[in-house]
Amino acid sequence: SQQDLGWRDLSLVFHSPHFLSVTDLDLSGNHLGMAGARALAEAPWAGRLRVLRLRRSHVHDHLVAALLEAWSFRSLRVLDLRDNLLGPAGARALASAKGLGRLEELWLFGNDLGAEGAEEVRRRFGY
């Protein structure tokens, strides 16, 4: 069943001392929303994440752009955005994002990036 994670809920969880060592986070199947994305971006440990899975989380172009703009992905190796609502603008945001230099896997199946968007992602990441 789909969960709607609110900013308050996620902010409390993400600022818990238990999350300080988190390097692999799977929020798949949850409706993240802009408030949840902000809570994730502001988490004190976000820059240490190596794996982030947001499959079927209603991630759209503006949400992914906000996450990538606000967040340092310097440690991220795997980003799973399968089966979301990304279009060409989301692909452009991914292709132009700073800090994704260590990314080894980018999962985008099930999004409608369009030919141009897919090509921009391929040029940036080589796959």
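The values are calculated or read from the model by the stated rules, or taken from the named source; none is laboratory data. Keep in mind the model is a prediction, meaning the values are calculated, not measured. All Cβ positions, glycine included, derive from the backbone under ideal geometry; neighbour counts span all protein chains shown.
General observations
- Selected residue (only one of G87, G101, G126 is in contact with a helix residue (DSSP H, G or I) (Cβ under 8 Å, 6 or more places away or on another chain) and not acidic (D, E)): G87
- Number of residues in region 8-45 that are within 16 Å of H60 (Cβ to Cβ) and under 12 Å from the mean Cα position of the chain (by Cα): the value is 10.
- Per the listing A41, A65, the residue uniquely under 20 Å from R122 (Cα atoms) and in contact with a helix residue (DSSP H, G or I) (Cβ under 8 Å, 6 or more places away or on another chain) is A65.
- All positions within region 101-127 that are closer than 19 Å to R56 by Cβ and in a loop (DSSP other than H, G, I, E, B): L108, F109, G110, N111, D112, L113
- Residues that are of a type in the set (A, V, I, L, M) and surrounded by 15 or more Cβ atoms within 10 Å (Cβ to Cβ) number at least 2 in the following strands (runs of 3 or more DSSP E) confined to region 1-100: 51-53, 78-80.
- Every pair of residues 6+ apart whose Cβ atoms lie under 9 Å, when the first sits in region 101-122 and is over 10 Å from A91 (Cα atoms) while the second is modelled with pLDDT of 95 or more and of a type in the set (D, E): E105/D80; L106/D80; W107/D80; F109/D83; G110/D83
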